[in-house]
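Have a look at the structure below, then the notes.
The values are calculated or read from the model by the stated rules, or taken from the named source; none is laboratory data. The shown structure was predicted, so the numbers you read here are calculated from the model rather than taken from an experiment. Cβ atoms come from the backbone with ideal geometry, glycine included; neighbour counts cover every protein chain shown. Each accessible area value is taken on the protein alone, full model and side chains, heavy atoms only, with ligands, DNA and RNA left out. Shrake-Rupley method; radii C 1.70, N 1.55, O 1.52, S 1.80 Å.
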Amino acid sequence: MMEYNVLPLARLVEQFERLPGIGKRTAQRLAYFVLQMSDGDAREFAAAIIEAHEKIKYCKVCKNLTDQDLCHVCRNSARDKSIICVVEDPRDVLALEKTGEFSGSFHVLHGVISPLNGVGPDQIYIKELLGRISAEPIKEVIMATNPTVEGEATAMYISKLLKPLGVKVTRLAYGIPVGGDLEYADEVTLSRALLGRNEI
């Protein structure tokens, strides 16, 4: 098992290497860091992983992560439930919440349609979104999937399903980032910036 003589260390490094964005050297550093922890800290660390795995589940309404039946957004009666922002991943909810600009509700798809990767509409939470729109008085659905080929295809697919329901479907504006230079922007970004321009 790798080049280690100590089997538990080799297993620990392998487990860290399975994490996204963690290469061999980083996995080794993390493994050695864990070994230097006190027994109490190591047990706390392991217990936090087990507790998160056992207690965190999907919100019954929006599919965001929660340790209760409803997530903090769905429990908040001050939120505008007539606007749903559709995102790919729970991390996107966190990013949008940090802006403090959005007061509606969310719907987490947990992926995008990607035929090349064997992910179809039934593998993500589109049916649940349609169920919400049928059951609740929704005025607008904001498509906030990532500006990738799969994200765009998913947004278009969902918008085609929603149009006959009489729901307004909008897309996040994309364009030049603050502090960016026009000369380094690609054609798609520039065209989106032109289409999403605002009056000043």
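Quick one: would you say V149 is within 21 Å of G175 (Cα to Cα) and open to solvent by 20 Å² or more (accessible area, probe 1.4 Å)?
Numbers: within 21 Å of G175 (Cα to Cα): yes; open to solvent by 20 Å² or more (accessible area, probe 1.4 Å): yes.
For V149, the condition - within 21 Å of G175 (Cα to Cα) and open to solvent by 20 Å² or more (accessible area, probe 1.4 Å) - is met.
Restricting attention to region 181-194, and to residues there that are among the charged types (D, E, K, R) and open to solvent by less than 100 Å² (accessible area, probe 1.4 Å), which single residue is nearest to P147 (Cα to Cα)?
We begin by selecting, within region 181-194, every residue among the charged types (D, E, K, R); these are 181, 183, 186-187, 192.
Going one step further and asking which of them are open to solvent by less than 100 Å² (accessible area, probe 1.4 Å), we end up with 181, 186, 192.
Numbers: D181: 19, D186: 13, R192: 10 Å.
In this case the residue turns out to be R192.
Can you say whether G196 is among the small types (G, A, S) and touching a residue at least 60 places away in the same chain (Cβ under 8 Å), as far as the supplied structure shows? Let's see the steps before the verdict.
Values: among the small types (G, A, S): yes; touching a residue at least 60 places away in the same chain (Cβ under 8 Å): no.
Answer is no for this residue.
Working only within region 152-163, note down all residues that are more than 19 Å from D89 (Cα to Cα), among the aliphatic types (A, V, I, L, M) and either in contact with a strand residue (DSSP E or B) (Cβ under 8 Å, 6 or more places away or on another chain) or open to solvent by 80 Å² or more (accessible area, probe 1.4 Å) (or both).
Start the filter on region 152-163 by keeping residues that are more than 19 Å from D89 (Cα to Cα), which leaves 160-163.
Applying the additional criterion that residues be among the aliphatic types (A, V, I, L, M) yields 161-162.
The answer is L162, and nothing else.
Looking at this structure, is K81 free of Cβ contacts under 8 Å to residues at least 24 places away in the same chain and either open to solvent by 60 Å² or more (accessible area, probe 1.4 Å) or of a type in the set (D, E) (or both)? Explain how you work it out, then say what you get.
Numbers: free of Cβ contacts under 8 Å to residues at least 24 places away in the same chain: no; either open to solvent by 60 Å² or more (accessible area, probe 1.4 Å) or of a type in the set (D, E) (or both): yes.
Criteria not met by K81.
Restricting the search to region 40-72, which residues are charged (D, E, K, R) and in contact with a Ser or Thr (Cβ under 8 Å, 6 or more places away or on another chain)?
Quick first cut of region 40-72, residues charged (D, E, K, R) only: 41, 43-44, 51, 54-55, 57, 60, 63, 67, 69.
Matches in region 40-72: K57 only.
Pairs needed: first member in region 164-180, open to solvent by less than 80 Å² (accessible area, probe 1.4 Å); second member anywhere, part of a strand (DSSP E or B); C-beta distance under 6 Å; at least 6 residues apart or different chains.
Once the first residue is open to solvent by less than 80 Å² (accessible area, probe 1.4 Å) and sits in region 164-180, its partners that are part of a strand (DSSP E or B) give V167/V141; V169/V141; T170/I142; R171/M143.
Which one of L65, L109 is open to solvent by 70 Å² or more (accessible area, probe 1.4 Å) and within 16 Å of the chain's Cα centre (by Cα)?
On the way: L109 fails: open to solvent by 70 Å² or more (accessible area, probe 1.4 Å).
Testing whether each residue is open to solvent by 70 Å² or more (accessible area, probe 1.4 Å) and within 16 Å of the chain's Cα centre (by Cα) leaves just L65.
Among the residues of region 122-138, what is the count of those that are surrounded by fewer than 14 Cβ atoms within 10 Å (Cβ to Cβ) and not acidic (D, E)?
First pass over region 122-138, keeping only residues surrounded by fewer than 14 Cβ atoms within 10 Å (Cβ to Cβ): 122, 127, 131, 134-137.
Filter again for not acidic (D, E), leaving 127, 131, 134-135, 137.
Looking only at that region, the number is 5.
Does region 89-138 hold any residues that are in contact with a strand residue (DSSP E or B) (Cβ under 8 Å, 6 or more places away or on another chain) and in a helix (DSSP H, G or I), and which are they?
P90, D92, V93, L96, E128, L129, R132, I133, listed by residue number.
How many of the residues making up region 158-200 are in contact with a helix residue (DSSP H, G or I) (Cβ under 8 Å, 6 or more places away or on another chain) and closer than 21 Å to E136 by Cα?
Here is the first cut: in region 158-200, the ones in contact with a helix residue (DSSP H, G or I) (Cβ under 8 Å, 6 or more places away or on another chain) are 158, 161-162, 165, 167, 169, 171, 173-176, 182, 185, 190.
Filter once more, so that each one left must be closer than 21 Å to E136 by Cα: 158, 161-162, 165, 167, 169, 171.
Counting residues in region 158-200 that are in contact with a helix residue (DSSP H, G or I) (Cβ under 8 Å, 6 or more places away or on another chain) and closer than 21 Å to E136 by Cα gives 7.
Residues in region 73-82 that are outside any loop (DSSP other than H, G, I, E, B) and in contact with a Ser or Thr (Cβ under 7 Å, 6 or more places away or on another chain): how many? Lay out the reasoning, then the answer.
First pass over region 73-82, keeping only residues outside any loop (DSSP other than H, G, I, E, B): 73-75, 80-82.
Now drop any that are not in contact with a Ser or Thr (Cβ under 7 Å, 6 or more places away or on another chain), which leaves 73-74, 80-81.
Qualifying residue count, region 73-82: 4.
Name the residues in region 87-107 that are in contact (Cβ under 8 Å) with a residue 24 or more places away in the chain and closer than 18 Å to E152 by Cβ, would you?
The answer is V87, E88, D92, H107.
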